[in-house]
Every structure is written in C-alpha cells, then in structure tokens.
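Notes follow once the structure below has been shown.
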Amino acid sequence: MVTLMGKREVGDYLIDKYSASIKLVCLLVGIARSSWYYLSKKDDTELELKLQELAEKYPTRGFDNYYGRLRRTGHKWGRKRVLRVYRTLGLVRRKKRRRKLPVNERKPMEQLSALNEIWALDFMSDTLTDGRQLRVFNAIDEYNRESLISRGSISFPSARVIRELEEVIEAKGKPKIIRVDNGPEFRSGTFQKWCSDQEIEIQFISPGRPMENGKMERLNRTFREDILDAYLFSSISQFNIIAQKWVDDYNETHPHESLGGKSPQDFATRPKESFGVLKPQNSPSGLTLFSN
C-alpha cells in the first residue's frame with residue numbers, strides 16, 4: 001500500500017520530469033487535489049528534539065522506553081504521534097528474537113510482594129584501557145528491579161563481596177534470600193558463614209542456567225549496552241563514578257513494562273533512614289564485633 005507521502009513523491013517526480021499539471025498528477029497517482037495542497041498544521045519540532053536527545057543519551061533503548069520517559073517527564077504527546085515521529089526519524093530498532101525454553105523446562109518466577117524478599121547478585125567482566133581486568137559486582141532487588149549496587153574492582157574475593165553487601169544492607173535493609181550463581185565467591189565458606197550468621201538464605205541457580213536469574217541478567221544486559229559497550233575506562237575510580245550515575249538514573253527514570261511503565265523508585269520507595277540490621281559477630285579473641 002502506497003502512503004500519501006509516497007504518492008506525493010511520485011507526483012513531484014512527474015511534475016519535474018514531464019511538466020505535468022497538478023490536476024493530471026492527482027488523477028494519475030490517485031489522490032484528491034485538496035490532499036495535494038494540504039499543509040499539516042502539526043509542529044513536531046519539540047518532539048523530534050526530545051526523541052533525538054533520548055536516542056543520543058540512550059542509543060540502545062527502543063520506542064517503549066523513550067515513550068515511557070516522555071510521559072514520566074510530563075509530556076502529553078499521544079502514543080501514535082510519538083511513534084509516527086519516531087519512525088520518521090529512522091530510530092526504529094530491529095527486534096531481537098527471544099529464545100524460549102521448552103514448556104516442560106520452564107520454571108515460573110516467584111511472585112514477590114515486598115522489598116528485600118529476594119536480592120540477586122552477579123558479576124560482569126571487562127577490560128581497562130591499560131589491559132587490566134575489570135570485574136563489576138551487580139545486585140538487584142527482584143521486587144522493584146532496583147539496582148542496589150554496580151561497583152567495579154580488579155578482583156572481588158568473598159571478603160570484599162561481604163563488605164560491599166554490608167554497605168548496601170546498612171542503607172537498604174537486609175534481604176531474606178540472596179540468589180546467586182555457582183561462582184567461587186559465593187561458594188566460599190566465608191560467604192556462606194556470613195549469610196548463616198545474618199540469617200540470610202542463599203539460593204543457588206542450577207549450573208549453566210543463567211535464565212533462572214532472569215531479572216539480574218536483564219539488568220546486566222542493559223548495563224553492558226549503556227556502560228561497558230559505550231565507554232573506555234582508564235581507571236577503576238573513573239568507572240565507578242560513571243556506574244553510580246547510571247545506577248541513579250536507572251532507579252529514578254528507567255521505565256519497566258513489568259512495573260506498569262514505572263521506574264523502580266516510583267514502583268516502591270524505600271524509607272530514607274538507615275536500617276542498621278546486621279547482627280553482631282564474635283571475633284576469635286572473644287570480643288563482639290559489628291559488621292557495619
């Protein structure tokens with residue numbers, strides 16, 4: 001089906017090439033003369049600028065994400081209008097085909113009802129410009145998809161993982177369950193003893209089954225597209241500054257379809273006071289120590 005714009009382009013060609021009259025051109029291409037002379041009164045300049053700004057800032061996101069951000073910032077443009085301008089600007093991204101599990105192998109995700117029921121933890125890897133290995137420790141609250149931490153370092157032994165989690169717990173509260181893969185940091189006796197002392201259950205996913213930690217994997221993908229694939233880092237401190245800005249933006253403005261188009265903080269806001277819920281631990285000398 002040829003659109004009105006396509007018919008006008010054919011008409012312009014006939015006029016330029018054969019000096020045909022507008023009346024004859026309209027008859028040939030099948031449009032009314034009133035449609036030929038009609039000039040749209042819609043001014044999409046502001047919308048085009050907003051979409052181009054979003055596309056430049058978030059080049060890996062798609063229409064639904066951009067539209068959600070526009071609505072959250074108070075713009076009242078209708079979905080059809082935004083989609084028309086989005087397509088006109090050539091911002092359409094090809095959809096990636098989703099690989100599905102056989103029906104008998106699918107496991108439904110838990111239906112969570114509150115914050116801090118399940119946290120998911122995972123690591124990502126990249127390389128600094130000087131060739132050093134960069135490891136990224138990510139954590140997410142599965143209830144509202146909130147990014148709890150994205151911290152980079154050369155290495156993350158179990159003691160460092162515990163220290164980072166203690167800082168998050170002091171600010172966010174303590175989870176009931178931690179979902180992790182079978183990495184050595186999580187399998188270590190130090191980490192498992194700490195979780196036992198804090199009465200936190202560890203839930204290991206099956207080996208080679210990252211889809212069992214799907215919400216964490218989805219955050220990892222967005223983080224890789226927005227940060228690891230977008231920048232070259234010369235130092236750990238430089239990475240952590242940019243990563244923290246991403247975490248703040250993700251939690252405050254990133255719309256999730258599964259959350260009704262809301263950002264994590266809009267869906268479920270945490271109390272601002274410090275929680276301080278870590279249990280005291282006994283040192284080998286008999287003295288009582290507090291993790292936080």
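Every number in this text was worked out from the coordinates using simple rules, so none of it is lab data. As the structure is a prediction and not an experimental result, all values here were calculated from the model. Every residue, glycine among them, receives a Cβ derived from its backbone with ideal geometry; neighbour counts consider all protein chains shown.
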Matching entry among GLU170, GLU201 (being charged (D, E, K, R), crowded, with 16+ Cβ neighbours inside 10 Å and more than 29 Å from THR60 (Cα to Cα)): GLU170
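Filter region 1-28 down to the residues that are among the β-branched types (Val, Ile, Thr) and farther than 22 Å from ARG84 by Cβ and list them by number.
Within region 1-28, ILE15, ILE22, VAL25 qualify.
Wholly within region 22-94, which helices (runs of 4 or more DSSP H) include no fewer than the required count, namely at least 2 residues that are hydrophobic (A, V, I, L, M, F, W, C) and more than 30 Å from ARG224 (Cα to Cα)?
Result: 22-29.
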Of (1) in contact with a helix residue (DSSP H, G or I) (Cβ under 7 Å, 6 or more places away or on another chain); (2) over 19 Å from ASN65 (Cβ atoms), GLU217 satisfies all except one. Which? (2)
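Residue by residue, here is whether (1) touching a Lys or Arg at 6+ places or on another chain (Cβ under 8 Å); (2) within 26 Å of ARG93 (Cβ to Cβ) holds:
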{"position": "ALA32", "(1), (2)": "no, no"}
{"position": "TYR38", "(1), (2)": "no, no"}
{"position": "GLU46", "(1), (2)": "no, yes"}
{"position": "LEU49", "(1), (2)": "no, yes"}
{"position": "LEU54", "(1), (2)": "yes, yes"}
{"position": "PRO59", "(1), (2)": "no, yes"}
{"position": "LEU70", "(1), (2)": "yes, yes"}
{"position": "GLY74", "(1), (2)": "no, yes"}
Please count how many residues of region 120-143 are more than 19 Å from ARG187 (Cα to Cα) and either charged (D, E, K, R) or buried (at least 17 other Cβ atoms within 10 Å of the Cβ) (or both). 9
May I ask you to list pairs of residues, at least six apart or on different chains, whose Cβ atoms are under 8 Å apart, with the first in region 67-84 being closer than 19 Å to HIS256 by Cα and in contact (Cβ under 8 Å) with a residue 24 or more places away in the chain and the second being surrounded by 12 or more Cβ atoms within 10 Å (Cβ to Cβ) and basic (Lys, Arg)? HIS75/LYS50
Quick one: would you say ARG61 is of a type in the set (Lys, Arg) and loosely packed, with under 12 Cβ neighbours inside 10 Å? no
Tell me, which residue of region 214-271 that is basic (Lys, Arg) and under 19 Å from GLU164 (Cβ atoms) is surrounded by the fewest Cβ atoms within 10 Å (Cβ to Cβ)? LYS245
Take LYS50 and decide whether it is loosely packed, with under 14 Cβ neighbours inside 10 Å, without any contact (Cβ under 8 Å) to a residue 40 or more places away in the chain and basic (Lys, Arg). no
